[in-house]
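One structure is given here, and the rest of the page talks about it.
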Amino acid sequence: MDAAGDKLMQELRDVVAAAEELLAAAGDQNAERLREVRDRAEVALRDARARIEGAGDEIEEQVRKHPFAAVGIAAGIGLIVGLLLSRK
């Protein structure tokens, strides 16, 4: 799932970049540029949302196939987060 995770992160970066462009274009007050950037941002957001939903379905499938491994991983992550938070 590393390739899927990398692709998802790239799509999220694209969404952030499009949002930054949208803010910059809003400052320019150029209506045509603003519309173009908004359209690109909407497309990037739609693609990212579809990938996230697909990743969620894939994760759910893996958890159903390997429930004990999922519980073990969740417990391990919880333990690590707990140890990190309890450090002073």
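Which of Val81, Ala69, Ala48 sits closest to the plus end of the dipole of the chain, meaning its Cα is farthest towards the positive end, when Lys and Arg get +1 and Asp and Glu get -1 on the C-beta?
Value: Val81.
Roughly what angle does helix 31-65 make with the longest principal axis of the chain, taking Cα atoms, 0 to 90 degrees, to the nearest 10?
Approximately 10 degrees, to the nearest ten.
Set the Förster radius R0 to 25 Å, insert the Cβ-Cβ distance between Val81 and Leu23 as r into 1/(1 + (r/R0)^6), and round the FRET efficiency to 0.05.
0.15
Can you give me the distance in nm between label points at Ala31 and Ala70, each placed 7 Å from the Cα along the Cα-to-Cβ direction?
5.1
From the square roots a ≥ b ≥ c of the eigenvalues of the alpha-carbon gyration tensor of the chain, which class results: rounded (a/c under 1.5), prolate (a/b over b/c), or oblate?
Oblate, because a/c is 1.5 or more while a/b does not exceed b/c.
Among Glu21, Glu32, which comes first, then next, by fewest other beta-carbon atoms within 10 Å?
The fewest-first ordering by Cβ neighbours comes to Glu32, Glu21.
If I take every Cα pair under 8 Å that is 6 or more residues apart in the stretch 2-86, average their sequence separation and divide by the length, what percent do I get for the relative contact order?
Reported as a whole number, the value is 28 percent.
Using alpha carbons only, how many degrees (0 to 90, rounded to 10) separate the axis of helix 2-28 from the longest principal axis of the chain?
Tilt relative to the chain: about 30 degrees.
FYI, it's all coordinate maths here, none of it is from the lab. Since the model is a prediction, treat every value here as computed from it, not as a measurement. All Cβ positions, even for glycine, are placed from backbone atoms using ideal geometry, and neighbour counts span all protein chains on display.
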